[in-house]
Amino acid sequence: MRPLLDEIETAIPPLRRYARALLRDADLADDLVQDCLERTLDRLPTLRAEGSIRAWMFRILLNLARDGRRRRAQLHFLPLSEAPQLAASGGQEDHLELERVHAAMGRLPDDQRAALLLVALEGMSLAKAAEVLDIPVGTLVSRLARARAALREMTGRPRKQPLLREVIK
Amino acid sequence: MTVRPIAETEILLLRDELPPDELRAALAAHGEDAVALLDAWEGQDRALGRLYGADMDEPLPDRYRSLLASGRLHSIGPVATRLQGLRLLAAVLALLSLGAVLGWSIAHPSRPAPLGVDFAAGAIDAHRIFSAEVAHPVEVAADQGVHLATWLTNRLGQPVTPPDLTKQGLRLLGGRVLPGRDGSTAVQMMYQSPQGARLTLYLARQPAIGDTDFQILSSGSLVSLFWRDGSLGCAITASLPVAVLERVAADVYRQLE
């Protein structure tokens with residue numbers, strides 16, 4: 001019992017980090033993680049042991065985020081957000097660059113942002129991220145390719161010449 | 001020498017498999033554009049890390065802590081052992097940790113799922129709100145006798161008679177109807193000891209049918225003992241010693257049969 005709850009507790013900081021990057025609003029993110037935690041604890045007694053608790057929690061979080069987005073979409077509510085507080089290091093130009101990335105992330109379609117953050121921020125393998133998103137690895141890979149290309153274009157550094165792109169089924 | 005162009009998706013797959021230096025060497029064979037792409041991606045990852053890579057040592061909010069604390073749910077050995085004449089599964093399950101219960105339920109998927117923590121949390125919340133009431137602890141008072149039972153039965157959609165707990169030193173004050181957590185109807189019956197301590201019995205119909213082991217959830221000084229009995233979820237909640245709750249649970253269980 002204790003190890004299960006410890007595992008849940010250990011997963012919370014990464015979940016918060018991820019939720020903040022995903023929702024771009026610290027308060028909304030903390031509420032989302034709370035809902036995720038409640039649902040996790042509630043379902044714990046019926047948990048079928050498949051994969052790690054952490055992946056399971058990320059999956060719950062993403063499902064809740066999707067439901068929440070649907071509700072917000074019905075209200076035509078789009079959270080405007082400031083760029084998160086940056087570490088003091090780095091010059092002005094550096095700062096601008098980061099703001100461009102933050103703005104570009106906000107314009108990515110939700111599914112692309114969710115996928116990219118799992119891999120780039122949380123450091124998940126393709127297999128783990130695909131499990132969390134409940135999609136085939138091939139779908140994840142093409143989603144990531146689209147996200148990274150879009151991010152490059154939006155941050156003003158398009159590739160010099162297009163590379164061959166391929167859609168994996 | 002011609003270089004074979006490489007698809008971005010292919011680079012993504014390679015990046016998942018190879019260590020960074022091997023990846024870089026592998027991409028070099030595909031020309032400088034492939035390497036430039038990798039540089040750009042690494043730049044993206046660094047930017048995302050700096051933007052969103054929050055402090056992992058940031059303390060957890062109190063509301064998370066209390067959720068985690070309430071999630072420290074145990075099956076209860078001594079209680080269930082004493083009640084084993086009443087409950088077929090209790091003796092088996094009581095000694096197992098939840099981890100072991102999980103293993104067991106994986107092996108026996110047909111066994112009814114235990115009630116979630118959410119159910120007991122609902123009972124505890126309801127107890128907290130209404131047991132503090134001085135003027136209106138109940139909606140329908142116990143002195144309305146038959147009316148109370150009929151009303152609770154109608155609202156719950158299932159025959160229910162408030163158990164008589166006078167042998168436990170608890171006097172029935174009455175009952176009320178309240179929303180269950182999942183939108184269902186729940187009923188709460190309130191009892192009081194001569195010293196003024198209040199105990200509530202909380203019942204709500206459950207979608208699944210089956211009997212389960214007793215479980216216990218505590219929140220602050222409140223303790224809730226809960227179980228599934230047929231299509232009813234049952235919880236008794238009070239700020240009383242667990243030994244008292246054990247006896248009450250046995251009595252309630254017998255009378256609800």
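Over segment B:120-233, with a single point scatterer placed on each C-alpha, what log10 of the ratio I(q)/I(0) does the Debye formula yield at q = 0.13, 0.15, 0.18, 0.22 1/Å?
Scattering profile of segment B:120-233, log10 relative to I(0): -0.47, -0.64, -0.95, -1.43.
At a 1.4 Å probe, what is the % contribution of carbon and sulfur to the accessible area of segment B:165-257? If you can, show how the numbers build up before the last one.
Details: 1790 of 3480 Å².
Here it works out to 52 percent.
Just to confirm my numbers, what's the Cα centroid distance between segment B:167-206 and segment B:211-257 in Å?
A separation of 11 Å, based on Cα centres.
Mind checking B:39-47 for the average number of partner chain beta-carbons within 10 Å of each residue's beta-carbon?
Per residue, the number of nearby Cβ atoms from other chains is 6 on average.
Ignoring ligands, DNA and RNA, how much accessible area is buried between chains A and B, both sides summed, with a 1.4 Å probe, to the nearest 100 Å²? Could the numbers behind the result be given before it?
Values: alone 11150 and 14540 Å², together 20580 Å².
Looking at A and B, the buried total is near 5100 Å².
Can you find, among A:L140, A:A104, A:L126, the residue sitting farthest towards the positive end of the charge dipole of segment A:96-152, where Lys and Arg contribute +1 and Asp and Glu -1 at Cβ?
A:A104
The values are calculated or read from the model by the stated rules, or taken from the named source; none is laboratory data. Everything quoted here is computed from the prediction, not taken from an experiment. As a convention, Cβ positions derive from the backbone with ideal geometry for all residues, glycine included, and neighbour counts pool all protein chains shown. Keep in mind that these areas ignore ligands, DNA and RNA; they rest on the heavy atoms of the full protein, side chains included. Shrake-Rupley method; radii C 1.70, N 1.55, O 1.52, S 1.80 Å.
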